[in-house]
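Just below is one structure, and these are the notes that go with it.
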Amino acid sequence: MIRADGHTIDIGDDFHLGGHGTVHIAHAILPTIIGHHVTAGENAVIHACTVGDDCVVERDAVILDGSVIGDGAVIAAGSIVFPRSQLNGGWLYSGCPAKPVSQINTAEREARHRKTRAADSGSQEVTRSEDTAECFLAPTSRLTGTLISGRDVGVWYGCTLNAGGHVIRIGDGSNVQDNSVLTCIEGDITIGADVTIGHNVTMADCTVESGSLIGIGAILAPGTHVESDVLVAAGAQSEPGQMLTKGQVWAGRPARPIGPMDERKRAIMSGTLPHYVEYARTFSATPHEPLTQLQSELNGED
């Protein structure tokens, strides 16, 4: 999924983006710039940052807003590059936050390019069940079972929502951003009003109360309860049945409170919501051609 609505994306030659990978921008604030011969693995996220030539971003890794990654850097699988990081080229970085592990030579880096590209499962056929939900469901989203939504809800590209025999509820003005996966296993998923579920989030059998934000690449284990006025940091992972209490920023693996919420954080969180409401209204009003027709045109069959 590559989305430049709200800013610009500039990508060089020979870019590989794995299945369920995400490239996005910060609306009207930061573009994304990606150099030549860059490999991003499955479920990787490159968000509002600059990535130099010949870099490898392995599967499940996340690069966050304002970061600059030097030429020839490798971000190891599952690592999180925190916002505004400056990472020198020619190094392997790992962890949350990503830290330098060792210098990496050309042969080692090329081996990681090849391994990451070869591991990609490739594109999958897009299937969606019929639904009557009153929200914007992007054409490449997948919905199985019962979704009950409020007004101005957006479920974005590449998302998978599987309610099974249960129910997924999403409140007014909330958004589930691209490539997130919501799965009901033994219970419902309930998302309150004015909630942002960031890109590539994984959630199961949990509750997120109104006015909270779940950061990019976070994992909410079954039974997690996120109270209102909570920011779950990018890449955080809760434990089964964990309560993430209100008025706190939660981060880490496992998630723990690292500080109180403040007005600056609340302003950033609330500022995201109107953009996505407007996106949902705009995209809902724009006819989408059937995927089979688009695929035929790309293949030169028309």
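The values are calculated or read from the model by the stated rules, or taken from the named source; none is laboratory data. Here the structure is a predicted model, which is why all the values come from computation and not from measurement. All Cβ positions, glycine included, derive from the backbone under ideal geometry; neighbour counts span all protein chains shown. When the accessible area is computed, the model is the full protein with side chains, heavy atoms only, and any ligands, DNA or RNA have been set aside. Shrake-Rupley method; radii C 1.70, N 1.55, O 1.52, S 1.80 Å.
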List pairs: first in segment 157-171 and open to solvent by 40 Å² or more (accessible area, probe 1.4 Å), second small (Gly, Ala, Ser) and at pLDDT 95 or above, Cβ under 8 Å, 6+ apart or cross-chain? His166/Gly187
Can you tell me how many residues in segment 1-35 are among the hydroxyl-bearing types (Ser, Thr, Tyr) and surrounded by fewer than 16 Cβ atoms within 10 Å (Cβ to Cβ)? 1
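Name every residue in segment 8-55 that is touching a helix residue (DSSP H, G or I) at 6+ places or on another chain (Cβ under 6 Å) and farther than 20 Å from Ala111 by Cα, in order of residue number. Give the steps one after another, and end with the answer.
Kept after step one, since they are touching a helix residue (DSSP H, G or I) at 6+ places or on another chain (Cβ under 6 Å), are these residues of segment 8-55: 16, 27, 39, 41.
If the condition is that a residue be touching a helix residue (DSSP H, G or I) at 6+ places or on another chain (Cβ under 6 Å) and farther than 20 Å from Ala111 by Cα, then His27 is the only one that fits.
Restricting to segment 228-247, name every residue that is at negative phi and either open to solvent by less than 40 Å² (accessible area, probe 1.4 Å) or basic (Lys, Arg) (or both). Steps first, please.
Taking segment 228-247 as the starting set, the residues that turn out to be at negative phi are 228, 230-234, 236-240, 242-246.
Correct list: Ser228, Val230, Leu231, Val232, Ala233, Ala234, Ala236, Ser238, Gln242, Leu244, Lys246.
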Cβ-Cβ under 6 Å, sequence separation 6+ or interchain: first residue in segment 207-227 and assigned to a strand (DSSP E or B) and surrounded by 24 or more Cβ atoms within 10 Å (Cβ to Cβ), partner at pLDDT 95 or above and of a type outside the set (Val, Ile, Thr). Which pairs? Leu213/Leu231; Ile214/Gly198; Leu220/Met203; Leu220/Cys206; Leu220/Ser238; Val226/Ser212; Val226/Leu244
Residues Asp71, Asp65: which one is in contact with a Pro (Cβ under 8 Å, 6 or more places away or on another chain) and either assigned to a loop (DSSP other than H, G, I, E, B) or under 17 Å from Gly217 (Cα atoms) (or both)? Asp65
Among the residues that make up segment 99-118, is at least one of them within 23 Å of the chain's Cα centre (by Cα) and in a loop (DSSP other than H, G, I, E, B)? no
Looking only at segment 180-200, which residues are polar (S, T, N, Q) and open to solvent by 10 Å² or more (accessible area, probe 1.4 Å)? Thr183, Thr190
Selection from segment 84-128 of residues that are polar (S, T, N, Q), at pLDDT 95 or above and either open to solvent by 50 Å² or more (accessible area, probe 1.4 Å) or under 19 Å from Val38 (Cα atoms) (or both): Ser85, Gln86, Asn88, Ser94, Gln103, Asn105, Thr106, Thr116
Tell me, please, whether a residue that is on the phi > 0 side of the Ramachandran plot and basic (Lys, Arg) can be found in segment 3-13. no
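Select, from Gly192, Gly187, the only residue that is among the small types (Gly, Ala, Ser), within 20 Å of Arg151 (Cβ to Cβ) and free of Cβ contacts under 8 Å to residues at least 40 places away in the same chain.
Working: Gly187 fails: within 20 Å of Arg151 (Cβ to Cβ).
Only one candidate qualifies: Gly192.
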Checking Gly259 against (1) within 24 Å of Pro97 (Cβ to Cβ); (2) surrounded by fewer than 21 Cβ atoms within 10 Å (Cβ to Cβ); (3) in contact (Cβ under 8 Å) with a residue 12 or more places away in the chain, which single condition isn't satisfied? (3)
